[in-house]
Amino acid sequence: MTAALATLVFLAAAWAAILLLARTFEEKWTEMGAALTREPLGAAELPRAAIAARISPRYPVQRPMRAQARPLLRAAA
């Protein structure tokens, strides 16, 4: 009797997992299809407002400089 109940619980859990996965994939496929056809998903999409922001580099941009040879090292060569 225990084996029969364990089998029933296992099958019920498997069925619930299959239904959950099917619902998840259905939602994802709907989103992917709408993205591929460039159609809005629905009224939940709100227009995004432009945000004005001043962006400055953290470090100033510098030109690369050539290495300067020291006279002592030049004489040794």
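Figures for the structure shown
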read-out: Stretchable slack from A14 to A34, in nm (0.36 nm times residue separation minus alpha-carbon distance); value: 4.2 nm
read-out: Difference of contour (0.36 nm per residue) and Cα-Cα distance, A67 to A6; value: 14.3 nm
read-out: Highest to lowest packing among 2-11, 26-35, 48-57, scored as the average C-beta count within 10 Å; value: 26-35, 2-11, 48-57
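No lab work stands behind these numbers, since they all come straight from the coordinates. Model, not experiment: these values are computed from the prediction. Don't worry about glycine lacking a Cβ; one is built from the backbone with ideal geometry, like all the others, and counts go over all protein chains shown.
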